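Enquirer: Structure in structure tokens, see below.
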Amino acid sequence: MKYLTNLSNNPNYNLAFEEYCFKNLPREDDYVYLWINGPAIIVGKNQNTLEEINIEYVKENDIKIVRRITGGGAVYHDLGNLNFSIYTNSKGQERIDFGQINVPILKSLEKFGIMAELSGRNDLTLDGKKISGIAQSVYKKRILNHGTILYDTDMSVLSKALNVKADKIASKGVKSVKSRVTNIRPYMKEDALILDFKEMLLKNIFQYHNEEMEEYVLSQQELDGIQKLYEEKYSTWEWNYGESPDFGWTNYKRFPSGAVEVRLEMKNGIIRDVKIFGDFFGTKEVEDLEEKLKGVRYDKDNIQELLSEINVSDYFSNMADADFMELLFD
């Protein structure tokens with residue numbers, strides 16, 4: 001394992017750095033990358049940005065909006081939040097799995113007296129409250145596993161900046177965003193500033209793996225590639241917000257795998273356009289499924305025939321065909 005160094009607090013640049021390294025660094029090594037963003041909302045790959053944020057509050061407080069390449073829900077970052085990214089090769093089947101790959105993070109936190117556990121779909125919790133949200137992406141047998149660690153985040157801003165659907169809050173059995181998350185700094189055996197915590201956490205991760213700390217130093221060519229991705233993708237409205245046109249028919253349901261919203265535009269019984277939003281995870285791009293649905297007659301037999309040729313759970317982890325049919329027709 002090697003570690004990557006990036007001292008920027010610019011969330012647009014940091015997400016470009018993360019994606020470029022995920023898809024382009026030599027594959028014979030695993031990598032870990034710890035990083036800190038300035039105030040930002042990081043939106044899940046499949047989400048409808050404008051419906052996830054409090055747009056007026058975000059503008060008034062100069063909070064940046066950046067879309068990431070992994071699924072899951074929107075999260076708030078600030079200088080009191082530490083992010084971790086782990087790059088590794090997939091072993092066997094390519095699928096979303098939050099278990100074993102996050103053990104080093106859990107064990108590293110234990111050395112600070114933080115007895116966290118993996119809970120629900122993709123959360124790390126402490127005393128029943130969320131301290132980290134984790135997401136993954138799979139690309140050419142390579143896995144990106146990344147997450148947040150709420151160290152000393154301004155919770156008052158977090159609760160105002162995000163729009164969280166009522167059914168998500170209800171599914172957690174709590175009353176608000178603010179009441180179901182917590183910072184870990186008050187739980188630390190010894191207090192530390194976040195930059196000191198960052199350095200100690202990195203050392204703990206390497207100790208867990210029984211490896212000497214070694215940095216991968218990016219070449220100028222690699223840095224140029226990151227800059228290009230930052231300018232041409234992560235700084236654009238098209239990527240961070242994207243088109244969200246009105247559709248004639250919509251449905252929204254929450255499943256154990258996450259929430260999914262489908263919007264359909266139909267003419268003469270034929271699906272002409274499709275848009276799928278949500279905080280779900282999957283190993284295949286949902287845009288591929290949208291394209292497959294276009295031009296199909298909107299009736300159960302035709303849709304069922306299409307589904308027989310694909311694996312729905314590739315797009316929505318652990319979802320059955322019957323669940324997707326229910327979403328389209330109920």
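The values are calculated or read from the model by the stated rules, or taken from the named source; none is laboratory data. All figures in this text were calculated on a predicted structure; none of them were measured in a lab. Because the Cβ atoms are built from the backbone with ideal geometry, glycine has one as well, and the counts that use them run over all protein chains shown. Just the protein is used for accessible areas: all its heavy atoms, side chains included, with ligands, DNA and RNA removed. Shrake-Rupley method; radii C 1.70, N 1.55, O 1.52, S 1.80 Å.
Enquirer: Between Arg272 and residues 5 or more places away or on another chain, which pairs have amide H atoms under 5 Å apart, with H built 1.01 Å from N, and which residues are they?
Expert: Here Glu265, Met266, Lys267, Gly295 satisfy the definition.
Enquirer: Using θ = phi - 60° and the Karplus relation 6.51 cos²θ - 1.76 cosθ + 1.60, list the HN-Hα couplings for the range 116-129 in order, rounded to whole Hz, with x at every Gly or Pro.
Expert: 7, 9, 7, 9, x, 5, 7, 10, 9, 10, 9, 6, x, 10
Enquirer: Could I ask something else about it? Rounded to the nearest 5, what % of the DSSP beta bridges within the range 1-104 are antiparallel ones?
Expert: 55
Enquirer: From the helices alone, meaning DSSP H stretches of at least four residues, give me the mean residue ellipticity at 222 nm for the chain, per-run term -39500 (n - 2.57), in deg cm²/dmol to the nearest 500.
Expert: Mean residue ellipticity at 222 nm (helix-derived): -8500 deg cm²/dmol.
Enquirer: Which residue fluctuates the most in the chain, going by a Gaussian network model with Cα springs under 10 Å, if the choices are Asp127, Asp314, Asp301?
Expert: Highest fluctuation among the options: Asp301.
Enquirer: Percent of accessible area on the range 40-134 owned by carbon and sulfur, 1.4 Å probe?
Expert: Answer for the range 40-134: carbon and sulfur cover 45 percent of the accessible area.
Enquirer: Here is a further query. Mind checking the dipole of the range 255-304: about its Cα centre, +1 per Lys or Arg Cβ, -1 per Asp or Glu Cβ, Debye to the nearest 20?
Expert: Dipole size: approximately 220 debye.
Enquirer: When the chain is fully extended, how far beyond the present Cα-Cα distance does Gln304 get from Leu195, taking 0.36 nm per residue of separation?
Expert: 34.0 nm
Enquirer: Quick one: which residues, 5+ away or cross-chain, put their amide H under 5 Å from the amide H of Phe255? H built at 1.01 Å from N.
Expert: Val260
Enquirer: What translational diffusion coefficient, to the nearest whole µm²/s, does the range 10-165 have by Stokes-Einstein, given a Kirkwood radius computed over alpha-carbon pairs, a temperature of 37 °C and 0.692 mPa s viscosity?
Expert: 203
Enquirer: Continuing with this model, one more query. Compute the relative contact order of the chain as a whole-number percentage, counting only Cα pairs closer than 8 Å that sit 6 or more residues apart in sequence.
Expert: 19 percent.
Enquirer: Another question about this same structure. Please list, ordered by chain and number, the residues whose modelled amide H lies under 5 Å from the amide H of Gln47; skip anything fewer than 5 residues away on the same chain.
Expert: Gly278
Enquirer: Can you give the % of DSSP beta bridges in the chain that are antiparallel, to the nearest 5?
Expert: Of those bridges, close to 85 percent are antiparallel.
Enquirer: Which shape class, rounded, prolate or oblate, goes with the range 231-281 when its Cα gyration tensor gives a ≥ b ≥ c as root eigenvalues, a/c under 1.5 marks rounded, and past that a/b bigger than b/c marks prolate?
Expert: Oblate is the answer for the range 231-281, as a/c is 1.5 or above yet b/c matches or exceeds a/b.
Enquirer: I've got another one for you. Go through Met266, Ser119, His146 and say which Cα lies farthest out towards the positive end of the charge dipole of the chain; charges sit on Cβ, +1 for Lys and Arg, -1 for Asp and Glu.
Expert: The Cα lying farthest towards the positive end belongs to Ser119.
Enquirer: Work out the length of the dipole vector of the chain about its Cα centre, built from +1 on the beta-carbon of each Lys and Arg and -1 on the beta-carbon of each Asp and Glu, and round it to the nearest 20 debye.
Expert: Dipole of the chain, to the nearest 20 debye: 620 debye.
Enquirer: Then there is this: Pick out, from Leu327, Tyr208, Ile36, the residue whose Cα sits farthest towards the positive end of the charge dipole of the chain, with +1 on the Cβ of Lys and Arg and -1 on the Cβ of Asp and Glu.
Expert: Leu327
Enquirer: Placing +1 on the Cβ of each Lys and Arg and -1 on the Cβ of each Asp and Glu in the range 1-155, which of Thr5, Thr49, Gly80 has its Cα farthest towards the positive end of the resulting dipole?
Expert: Thr5
Enquirer: Provide, for q = 0.06, 0.07, 0.08 Å⁻¹, the log10 of I(q)/I(0) from a solvent-free Debye sum over equal Cα point scatterers in the chain.
Expert: -0.21, -0.29, -0.38
Enquirer: What GluC sites (Glu not before Pro) in the range 207-269 are in a loop by DSSP, with at most 14 other Cβ atoms within 10 Å of the Cβ?
Expert: Glu211, Glu212, Glu214, Glu243
Enquirer: Would you mind working out the accessible area per residue for the chain, using a 1.4 Å probe, and quoting it in Å²?
Expert: Here the per-residue accessible area is 47 Å².
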